[in-house]
Amino acid sequence: MVGDASKGAQPARDILKKHGIDIDDARNGVFLPNKNNIDETLSGIKHNGRHPNQYLAAVNTRIIDADRMGGKQGVLDELSNIREILSSASRATSWYNIL
């Protein structure tokens, strides 16, 4: 959810680090179908690799606001919210406006 390599995801990565949440922590993850999943019963937006800047900016805003309002628990709660949005979206949902 918070990207591990994109320069645009750095603000959210910094907050995760501040709270001792590793970028590869399960709490920052979500299983999403990709182009190789032929099982159409799997829910979630289709993951195709790089996230657009709009997605990165939305994640940054959500994580920054969550940190400001609730500290570590607020960040964990927001990661859970983002996970739910991504995993319950239809495969055809756009990454540009998912959040």
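The values are calculated or read from the model by the stated rules, or taken from the named source; none is laboratory data. Just so it is clear, the model here is predicted, and its values are computed rather than measured. With ideal geometry, Cβ positions are generated from the backbone for all residues, glycine too; neighbour counts draw on all protein chains shown.
Going by the structure shown, is Leu56 hydrophobic (A, V, I, L, M, F, W, C) and in contact with a Lys or Arg (Cβ under 6 Å, 6 or more places away or on another chain)? It is false that Leu56 is hydrophobic (A, V, I, L, M, F, W, C) and in contact with a Lys or Arg (Cβ under 6 Å, 6 or more places away or on another chain). Against the conditions (1) surrounded by 13 or more Cβ atoms within 10 Å (Cβ to Cβ); (2) touching a strand residue (DSSP E or B) at 6+ places or on another chain (Cβ under 9 Å), Asn48 satisfies every one except (1). Against the list (1) within 19 Å of Thr93 (Cβ to Cβ); (2) out of contact with any helix residue (DSSP H, G or I) (no Cβ under 9 Å at 6 or more places or on another chain), the condition Gly44 fails is (2). So Gln10 clears everything in (1) polar (S, T, N, Q); (2) in contact (Cβ under 8 Å) with a residue 12 or more places away in the chain; (3) surrounded by 11 or more Cβ atoms within 10 Å (Cβ to Cβ) except one condition, right? Which one? It is condition (2) that Gln10 fails. Restricting to region 1-29, name every residue that is modelled with pLDDT under 95 and either β-branched (Val, Ile, Thr) or more than 11 Å from the chain's Cα centre (by Cα) (or both). Once the filter is applied, which keeps residues that are modelled with pLDDT under 95 and either β-branched (Val, Ile, Thr) or more than 11 Å from the chain's Cα centre (by Cα) (or both), region 1-29 yields Ala5, Ser6.
Table: residues versus (1) out of contact with any Ser or Thr (no Cβ under 8 Å at 6 or more places or on another chain); (2) surrounded by fewer than 17 Cβ atoms within 10 Å (Cβ to Cβ); (3) assigned to a loop (DSSP other than H, G, I, E, B); (4) without any contact (Cβ under 8 Å) to a residue 60 or more places away in the chain.
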position	(1), (2), (3), (4)
Ile21	yes, no, yes, yes
Asn36	yes, yes, yes, yes
Ser43	no, yes, yes, yes
Gln54	yes, yes, no, yes
Ala66	yes, no, no, yes
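Polar (S, T, N, Q), in a helix (DSSP H, G or I), at pLDDT 95 or above and exposed (fewer than 15 other Cβ atoms within 10 Å of the Cβ), is that true of Ser87? The answer is no for Ser87.
Residue selection: Asp77 satisfies the criterion of being assigned to a helix (DSSP H, G or I) and among the acidic types (Asp, Glu).
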